[in-house]
Every structure is written in structure tokens, then in C-alpha cells.
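First comes the structure, then the notes that go with it.
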Amino acid sequence: MLPDADALAAARLSLRIDGAVATITLDAPDKRNAQVPSLWHRLAEIGAGLGEEIRVVVLKGAGDCFSAGLDLGLLSPDGVPGEDSTLELTRTSDQNIIDTIGGYQEGFTWLHDPRFITIAQVHGFAIGAGFQLALACDLRVLADDAWLCMKEPALGLVPDLAGTKPLVDLVGYARALEICATARRVTATEAAEIGLATAVVPAAELEETTADLVAALLANDAGAVRETTALLRSARDEDLDSQRLLERTAQVRRFRALLG
């Protein structure tokens, strides 16, 4: 079941369903769409609640940016009202901290589900948790003035929201290390050059470009696209013989589906 509008609003989110497309908006522009634990939990609930009719998920930010990342109030003694206290969490056992962060990560990992193709529509900036949320998506469309930054090491922390693997998969170990260890800004132009961005367009064309991409993704058979998405995901981890078997097995399912 999808969370209702009030639960989403309390978690700084909004959701729109339009046919086969779900659009999730990080919806706290006055806070630069800074992220809190309730946001991650509601994202996971959205992922679990979306039906088979949904083929594309678009993730975007309200206001002047995609996301400023972690709400730094979480690291203060007062915390953020209504949210998990980070300081209280650090006073618990190591295993409890690990399990709690595991729950947070579920708000990111569902975006890899081959049932959907997921698109991050990035404008302004995506910092830390914002960068990791964009990395969780299959595709990233960036405004030409946008930038990305893995800020965690500058705060004495590590990226822990499932962002390290997709970053290394996309740009390789050495470049990922340099981006993270320096906590520098990656411009949209560089993001396109190193494979982080699927497309970079003028900010005024960002919505239209994303809509065109969504339409192109919906133009082909849903089952074939889902099977292909799953194959491309497995290809990163499987050896050639295992991947060949997965291809053959998937094709059998497609034959059966087409022949009724």
C-alpha cells in the first residue's frame, strides 16, 4: 500500500501517478530538499506499493535544487523534531546502528528493481545523500548548470546510503575514489564525460527532455524492457556463461508470453 499524501508530506515528499509513470518529488524546497529518515522509509514504502502498471519512476526535487543531502540538524544535539535522533542512535550497539542504516538504505535500493526504469531529474545540485539518490536511479538527466558532490568525507563520514557501488560501476574505482575523497564538485559537463549523466540539457529544457525520455522508454513492450533491464543488471556481476544462460532463459519467457 502506498503512503497517503499526509504521510508523504510529513516526510518531505509528494507522489503523482500518471498511467505507467510515477513521479516522486523531494518536496521541501525551503530546506533545499534535505533528507531525513522518514523520507527514506516513505521512499521504501513507495517502492513496495507501486503496482505492476508502473513502468517508469521519475525522481525530482522541488524548488532550486534536487537535494542538499542529509539534514544536518540530524547531527545536532537537538536533532530534527519527529525524526530518529542520530546522537541517540550512536549510543546503541554497533549491530543496532548497522540494522538501522540498513533500513534507511532500502529507500534507495528499491530504485534498482527491474520492474521499473528509474530516472533522476537533477537541477541545481545533488549533494551527499542527494548524489546517492541520483546514483540509485538507472538514468540521470542533468540541467547544464547542475553539479554533484559526495560530501560525507568532508563531514568525517562515509557514503552509506548504497551509493558506492553504483558510483564505481559507472566511473570506475579510481575516479570514484577521487570524487569521494576530495568531496569536490562534479559539474554536469564532467558528469556527461565520465558516464554519470545520461543527458545534460539547458535548465529550461530539463522537464521536456525527461518527458521525451519517458515516452521513448514506454514505446516498447513492457515485458521485453523489464527482462532486458534485469539482464543488463546481472551482466555486471555474472560471468559470460552464467549470463548467456540468463539470456536464453529470459528469451524462453518472452517466446511464451508472445505466443500466449
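Only the coordinates and a few stated rules stand behind these numbers; no lab work does. Every value quoted in this text rests on a predicted model; they were computed, and no experiment measured them. Ideal geometry is used to build each Cβ from the backbone, glycine not excepted, and the neighbour counts take in all protein chains shown.
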Q | Length gained when the stretch Phe255-Ala230 is fully extended (0.36 nm per residue, less Cα-Cα span) | A | 7.3 nm
Q | Contact order relative to length of segment 75-179, as percent, for alpha carbon pairs under 8 angstrom and 6 or more apart | A | 21 percent
Q.
To the nearest 20 Debye, how big is the dipole of the chain about its Cα centre, given +1 on the beta carbon of each Lys and Arg and -1 on that of each Asp and Glu?
A. 500 debye
Q. How far, in degrees from 0 to 90, does helix 206-218 lean away from the longest principal axis of the Cα atoms of the chain, to the nearest 10?
A. 40 degrees
Q: Throw me the Rg/Rh for segment 53-137, computed over C-alpha atoms with Kirkwood Rh, two decimals.
A: 1.04
Q: Set the Förster radius R0 to 35 Å, insert the Cβ-Cβ distance between Asp169 and Asn96 as r into 1/(1 + (r/R0)^6), and round the FRET efficiency to 0.05.
A: 0.70
Q: Let me know the charge dipole size of segment 4-85 about its Cα centre in debye, to the nearest 20, where only the beta-carbon of Lys, Arg (+1) and Asp, Glu (-1) is charged.
A: 260 debye
Q: Just subtract the alpha-carbon distance of Ala192 and Leu240 from 0.36 nm times their residue separation and send over the number in nm, one decimal.
A: 14.4 nm
Q.
I'd like the orientation of helix 240-259 relative to the chain: the angle between its Cα long axis and the longest Cα principal axis, in ° from 0 to 90, rounded to 10.
A. 60 degrees
Q: Return one quarter of the surface area of the convex hull spanned by the alpha-carbon atoms of the chain, equal to its mean projected area, in nm².
A: 15.2 nm²
Q: Using the 2.2 N^0.38 Å rule of thumb for compact globular proteins, work out how segment 146-258 stacks up: its C-alpha Rg over that value, please.
A: 1.37
Q: Give me the number: length gained by fully extending Asp64 to Asp78, i.e. 0.36 nm times residue separation minus the C-alpha to C-alpha distance, one decimal in nm.
A: 2.3 nm
